[in-house]
Amino acid sequence: MCSRYPLLLALFLALPVAAEDHRQLAALSSEAQATLRQEMLDNLIALNEILSLVAANKIKDAGEVAENSLGRSAMGKNARLPFAHRPGPQMPPAMHDIGRGGHFAASEFAAAAASGNRERALALLPNLTASCVGCHAAYRSR
Ligand code: HEC
């Protein structure tokens, strides 16, 4: 098959190179990984809800979801968990900073949305995903 499809062969040979992962490994305990994964799944749901509300021109509602699910109000909710279950303190400091920055960005969007300043809220909207992308591009947990 490969002699008939040299391009396919080249692709198979190139695959291991393409799959190489240069992201820094964050050595989280398995319990912390489980906490993080659940948080991540909730993040994505919240993000989808925010975008849907913005599209429906319900900016204030979008701001409320952003503040409660992603903003400062959503910080520190793991503090009462045993240390092994808490991803934040186990992260490299720079990774943890990206996470904190994401909470601040969500609160900034929420404040603009709450004030009814639609244009400013829209301008701040991409900041909601910037920290997701920034962290995922730089770090992995396995
Ligand atoms: C501080 C770093 C960081 C930030 C910020 C971050 N993530 Fe993640 N995310 C991770 C890591 C690490 C994983 C891998 C978790 C694992 O499987 O152990 C992950 C995994 C995920 C997953 C896959 C979950 C699964 O099923 O395994 C989703 C979805 C996700 N993130 C969404 C988001 C969204 C949406 C945002 C922004 C609102 C976000 N993340 C912000 C670090 C981050």
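Values in this text are rule-based calculations from the coordinates and carry no lab data. Because the structure is predicted, anything quoted here is derived from the model rather than measured. Virtual Cβ from ideal backbone geometry, glycine too; neighbours counted across all protein chains shown.
Database remark: amide H of residue 139 closer than 5 angstrom to the amide H of 24 (H placed geometrically; neighbours at sequence offset of 5 or more, or on other chains; Pro and chain starts carry no H).
Once you sort the root eigenvalues of the Cα gyration tensor of the chain as a ≥ b ≥ c, which label holds: rounded (a/c under 1.5), prolate (a/b larger than b/c) or oblate (the other case)?
Working: a/c = 2.85, a/b = 1.49, b/c = 1.91.
Because a/c hits 1.5 or more and a/b fails to exceed b/c, the chain counts as oblate.
For the chain, the mean residue ellipticity at 222 nm estimated from helices alone is -20500 deg cm²/dmol, where every DSSP H run of n ≥ 4 contributes -39500 (n - 2.57) and the total is divided by all residues, rounded to the nearest 500. Near residue 135, once Lys and Arg are set to +1 and Asp and Glu to -1 for all other residues with Cβ below 13 Å from its Cβ, the sum equals +1. A simple spin-label model places pseudo-atoms 7 Å from Cα toward Cβ; at residue 29 and residue 97 they are separated by 2.6 nm.
In a fully extended conformation the segment linking residue 22 and residue 39 would gain 3.7 nm over its present Cα-Cα distance, using 0.36 nm per residue.
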